[in-house]
Amino acid sequence: MTAVTRNGSTETNSLANWFSDGWITTRRNLIKIKRVPDILVFTTLQPIMFVLLFTYVYAGVIDIPGSSYKEFIMAGIFAQTVVFGSTYSGSAMAQDLKDGIIDRFRTLPMSPSAVLIGRTNGDLLINAISMAVMMATGFVVGWRIRSNLFEAIAGIALLLLFAYALSWVMAFLGMSVRSPEVINNVSFLILFPLTFLSNAFVPSESLPAPLRVFAEYNPVSALVQSARNLFGNTPPNQPQPDAWTLQNPEITVSIGIAVMLVIFVPLAVRKFEQVSTR
């Protein structure tokens with residue numbers, strides 16, 4: 001089966017070409033990290049800073065019955081870091097639009113989704129590096145995985161997949177605002193309350209009633225609870241949550257990942273086609 005490109009030429013519309021286009025754009029983003037090492041430096045320094053800050057500054061003032069704050073907080077730091085890491089896709093797409101890079105891609109006989117795949121894959125790698133750095137730092141300060149290897153891998157996978165799905169949302173927003181400064185502000189306004197009004201840093205039952213309800217149905221809370229469960233860091237004396245989302249956090253997060261991908265992958269691809277034809 002063939003498809004006609006914008007410049008009138010034809011290309012083989014095969015799965016192999018789709019993977020090839022996606023790999024080329026992914027490689028472009030990896031090379032960019034190599035040429036701008038500041039991205040990788042700050043990507044690794046930020047998680048170290050958060051781990052040290054919360055485990056040493058707040059561990060002595062927040063009591064977690066039956067557990068230590070160091071083990072309680074690590075899942076929250078994991079979730080916060082990968083969620084904010086997903087914003088790179090939005091700011092990068094907005095920057096590419098501003099710099100005219102998208103216009104160059106428009107002239108190439110390639111799949112419209114390849115640019116987005118490469119961008120989100122790059123974010124996935126950055127988040128994976130951040131996770132590795134955070135886990136290593138966590139082990140140094142006393143955090144431990146109390147579950148088995150399979151559950152630990154599942155916890156890491158859920159965190160990264162959630163961030164990957166969210167990066168498609170951010171890519172769509174980045175192409176909608178067409179300004180790196182605006183997307184950074186929009187991302188902050190959305191993600192800041194989602195991460196801090198959750199069970200990431202304090203137990204949700206300790207929050208005032210209106211905030212507790214918001215935290216219980218906050219998708220980030222389900223992500224954090226999933227990580228705690230799968231890493232074996234759930235406090236033994238933690239009361240059973242009332243919300244179904246926190247009683248079944250792994251299912252909730254899996255549904256959220258599927259919903260974000262089903263909705264925003266086609267929306268982002270369609271948006272890319274629109275902005276690349278302007």
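Where a number appears in this text, it was derived from the coordinates with a stated rule and is not lab data. Because the structure is a prediction, the values reported are computed rather than measured. Neighbour counts run over all protein chains shown; Cβ positions are idealised from the backbone, glycine included.
For this structure, a couple of remarks:
- Criterion: crowded, with 17+ Cβ neighbours inside 10 Å and without any contact (Cβ under 8 Å) to a residue 60 or more places away in the chain - qualifying residue of ASN127, ASN121: ASN127
- Among the residues of the stretch 195-228, the ones that are crowded, with 24+ Cβ neighbours inside 10 Å and over 18 Å from PHE162 (Cα atoms) come to 1 in all.
- Inclusion of GLN95 among residues that are surrounded by 24 or more Cβ atoms within 10 Å (Cβ to Cβ) and either under 19 Å from LYS32 (Cβ atoms) or in contact with a Ser or Thr (Cβ under 6 Å, 6 or more places away or on another chain) (or both) is not warranted.
- Number of residues in the stretch 167-189 that are among the hydrophobic types (A, V, I, L, M, F, W, C) and surrounded by fewer than 16 Cβ atoms within 10 Å (Cβ to Cβ): the value is 2.
- Filtered residue count, the stretch 37-72, keeping only those that are over 14 Å from the mean Cα position of the chain (by Cα) and under 26 Å from VAL186 (Cα atoms): 15
- Test: residue in the stretch 241-252 that is assigned to a loop (DSSP other than H, G, I, E, B), out of contact with any Gly (no Cβ under 9 Å at 6 or more places or on another chain), polar (S, T, N, Q) and within 24 Å of ILE156 (Cβ to Cβ): yes
- Filter result (surrounded by fewer than 16 Cβ atoms within 10 Å (Cβ to Cβ) and in a helix (DSSP H, G or I)) within the stretch 268-278: ARG270, GLU273, GLN274
- Scanning the stretch 235-262 for residues that are within 20 Å of VAL82 (Cβ to Cβ), surrounded by 13 or more Cβ atoms within 10 Å (Cβ to Cβ) and free of Cβ contacts under 8 Å to residues at least 12 places away in the same chain turns up ILE251, ILE255.
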